[in-house]
Amino acid sequence: MDPRPAITERRLAGVRRILVVTGGKGGIGKSSVAAGLALSMARAGHRVGLLDLDLSCPSAHVILGIGESTPEEDRGLVPLVAHGITFLSMASFTGERAAPIRGSETSDALLEMLAVTRWGNLDVLLVDSPPGLGDALMDMVSLLPRAEFVVVAGPSPVVLAVVRRTLDLLRRVDAPMAGLIENMRAPADPVGAIAAALDPALPVLASVEFDTGLAASVGDAERLASSTFMRQLEPAARALVPAPPNGD
């Protein structure tokens with residue numbers, strides 16, 4: 001029997017809430033949302049971790065301007081700390097090279113990263129999930145039973161079609177959903193229009209207009225923190241950070 005699932009549970013024992021940011025399709029701003037949530041929570045004084053589990057094309061480190069330093073090893077991997085965020089990404093091991101991982105190797109790599117990483121005590125661990133509805137998403141459902149899913153959706157009919165499938169899959173496996181983040185909404189569109197097209201019962205955590213200036217802040221956490229994108233994402237960050245137990 002593989003001991004790593006049990007080890008993963010112990011590694012995450014000090015994490016109060018685990019949030020997987022997903023959406024099923026690449027290019028919908030999922031990594032920007034995950035990185036933005038982590039930065040917003042950290043700047044509010046919370047203990048935040050960010051795990052980029054996109055093994056083939058990690059990008060959270062690029063968005064936040066985090067270097068590709070290799071994590072230290074001390075009874076496991078000790079994640080990097082940057083901008084107040086405890087951070088780990090496959091990019092720390094592969095650099096700019098593509099990771100030639102396929103099939104069962106993907107599941108094994110995900111499990112290995114979860115089992116060896118020492119997250120310590122965190123209020124929230126955000127997981128930037130890979131695109132798609134295949135093995136990686138199902139692995140997160142099974143390996144992170146406490147995880148709640150934050151679904152990112154945009155107004156494009158193509159995106160809506162993929163997100164509908166994502167929501168359907170998550171419901172069929174009884175995965176808890178924390179809510180929806182509307183991303184790249186047109187300024188003229190009403191808040192909640194994207195959610196209404198998907199599932200009016202799903203809570204809208206934030207509704208973010210398309211920010212034409214966002215690309216200029218990539219790699220500059222200070223500039224990102226002051227962007228329109230971040231200001232509109234902040235309601236989601238506030239809603240998702242757990243209250244300290246017993247008022248601590």
Per-bin percent of Cα-Cα distances, region 101-248 [5 Å]: 2, 8, 15, 17, 19, 17, 14, 7, 1, 0
Apportionment of accessible area to carbon and sulfur, the chain, percent (1.4 Å): 53 percent
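Taking a quarter of the surface of the Cα convex hull of region 3-104, what do you get in nm²? Could you put the intermediate results ahead of the total?
Numbers: hull surface 30.2 nm².
For region 3-104, the mean projected area of the Cα convex hull comes to 7.5 nm².
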For region 178-248, Kirkwood radius (reciprocal of mean inverse C-alpha pair distance, Å): 13.5 Å
ARG171-ALA186 pseudo-label distance in nm [points 7 Å out on the Cα-to-Cβ vector]: 2.7 nm
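From Cα pairs below 8 angstrom and at least 6 apart in sequence, can you work out the relative contact order of the chain, rounded to a whole percent? Provide the component values of the computation, followed by the final result.
Numbers: 455 pairs, mean separation 67.8, N = 248.
Relative contact order comes out at 27 percent.
I'd like the projected area of the chain, averaged over all directions, using the convex hull of its alpha carbons. Report it in nm² with one decimal. Display every interim value, and only then the final one.
Working: hull surface 54.0 nm².
Over every viewing direction, the Cα hull of the chain projects on average to 13.5 nm².
Using a 1.4 angstrom probe, figure out how much accessible area region 106-248 has per residue, in square angstrom, rounded to the nearest whole. Walk me through the numbers before you get to the answer.
Numbers: 6240 Å² over 143 residues.
Per residue, region 106-248 has an accessible area of 44 Å².
I need the calculated FRET efficiency for the pair ASN121 and GLU68, taking r as the beta carbon distance and R₀ as 25 Å, to the nearest 0.05. Walk me through the numbers before you get to the answer.
On the way: r = 26 Å, r/R0 = 1.03.
The computed FRET efficiency comes out at 0.45.
If the chain between ASP135 and SER107 were fully stretched, how many nm would it gain, using 0.36 nm times the residue separation less the Cα-Cα distance?
On the way: separation 28, 0.36 × 28 = 10.08 nm, distance 0.69 nm.
Value of the extension gain: 9.4 nm.
The values are calculated or read from the model by the stated rules, or taken from the named source; none is laboratory data. Since this is a predicted model, take the numbers as computed values, not measurements. Don't worry about glycine lacking a Cβ; one is built from the backbone with ideal geometry, like all the others, and counts go over all protein chains shown. The area values use the complete protein model at the heavy-atom level, side chains included, leaving out ligands, DNA and RNA. Shrake-Rupley method; radii C 1.70, N 1.55, O 1.52, S 1.80 Å.
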